[in-house]
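Participant: Dropping the structure in here first, questions after.
The values are calculated or read from the model by the stated rules, or taken from the named source; none is laboratory data. Not measured: the values here are computed from a predicted model. Here the Cβ is made from the backbone with ideal geometry for all residues, glycine too, and neighbour counts use every protein chain on show.
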Amino acid sequence: MFFLVNSKSKVDLLRKDLILIFGTTIDFKMNVLKIFPKQIKDDDGILTIKTDNSIMEFYYGTEELIDKFVMVDVKFSEEPSLDLKKLCAKTGWLLFDLDFEEYVDK
């Protein structure tokens with residue numbers, strides 16, 4: 001599992017006083033679909049995308065604004081961060097690996 005973070009620098013996502021707005025759900029989906037247009041489904045705050053390397057599930061919630069981060073689960077991939085690194089490089093987002101509890105370098 002990963003977090004996508006809309007920040008120019010690494011931030012402590014567990015800080016309770018952290019105010020970080022990711023953006024609107026519409027802008028988020030448009031950014032993802034520009035890079036990975038093979039949408040499988042978009043339902044109840046979960047966007048599922050198919051790439052040549054994986055299937056990614058983006059959990060962005062049902063609110064109009066996304067707060068702090070978007071959680072992503074990557075399936076069927078030998079290198080799960082590969083597509084997410086590509087996405088982050090094109091959008092300026094940061095990638096946080098929940099398993100290793102650290103940011104992933106681009």
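Participant: Test Lys10 against the criterion of being over 20 Å from Glu64 (Cβ atoms), in contact with a strand residue (DSSP E or B) (Cβ under 6 Å, 6 or more places away or on another chain) and not small (Gly, Ala, Ser), and give yes or no.
Facilitator: yes
Participant: Moving to a separate point now. Inspect all residues belonging to region 27-40 and state whether any of them is exposed (fewer than 12 other Cβ atoms within 10 Å of the Cβ) and closer than 22 Å to Tyr103 by Cα.
Facilitator: No, region 27-40 contains no residue that is exposed (fewer than 12 other Cβ atoms within 10 Å of the Cβ) and closer than 22 Å to Tyr103 by Cα.
Participant: Which one is surrounded by the most Cβ atoms within 10 Å (Cβ to Cβ) among residues in region 1-20 that are charged (D, E, K, R) and modelled with pLDDT under 85?
Facilitator: Arg15
Participant: Same structure, new question: Could you run through region 93-102 and say how many residues are within 13 Å of the chain's Cα centre (by Cα) and either more than 14 Å from Leu20 (Cβ to Cβ) or part of a helix (DSSP H, G or I) (or both)?
Facilitator: 3
Participant: Given the criteria within 27 Å of Leu14 (Cβ to Cβ), at pLDDT below 95 and of a type in the set (Asp, Glu), does Asp99 qualify? Quick ask: steps written out before the conclusion?
Facilitator: Values: within 27 Å of Leu14 (Cβ to Cβ): yes; at pLDDT below 95: yes; of a type in the set (Asp, Glu): yes.
Against the criterion (within 27 Å of Leu14 (Cβ to Cβ), at pLDDT below 95 and of a type in the set (Asp, Glu)), Asp99 qualifies.
Participant: Within region 75-83, identify whether any single residue is touching a strand residue (DSSP E or B) at 6+ places or on another chain (Cβ under 9 Å), crowded, with 16+ Cβ neighbours inside 10 Å and within 21 Å of Thr24 (Cβ to Cβ), and answer yes or no.
Facilitator: no
Participant: Residues to consider are Thr62, Thr24; find the one that is surrounded by 13 or more Cβ atoms within 10 Å (Cβ to Cβ), over 14 Å from Val104 (Cα atoms) and in contact with an Asp or Glu (Cβ under 7 Å, 6 or more places away or on another chain).
Facilitator: Numbers: Thr62 fails: surrounded by 13 or more Cβ atoms within 10 Å (Cβ to Cβ).
Going through Thr62, Thr24 in turn, the sole match is Thr24.
Participant: All but one of (1) under 14 Å from Phe3 (Cα atoms); (2) touching a strand residue (DSSP E or B) at 6+ places or on another chain (Cβ under 6 Å) hold for Ile55; which doesn't?
Facilitator: (1)
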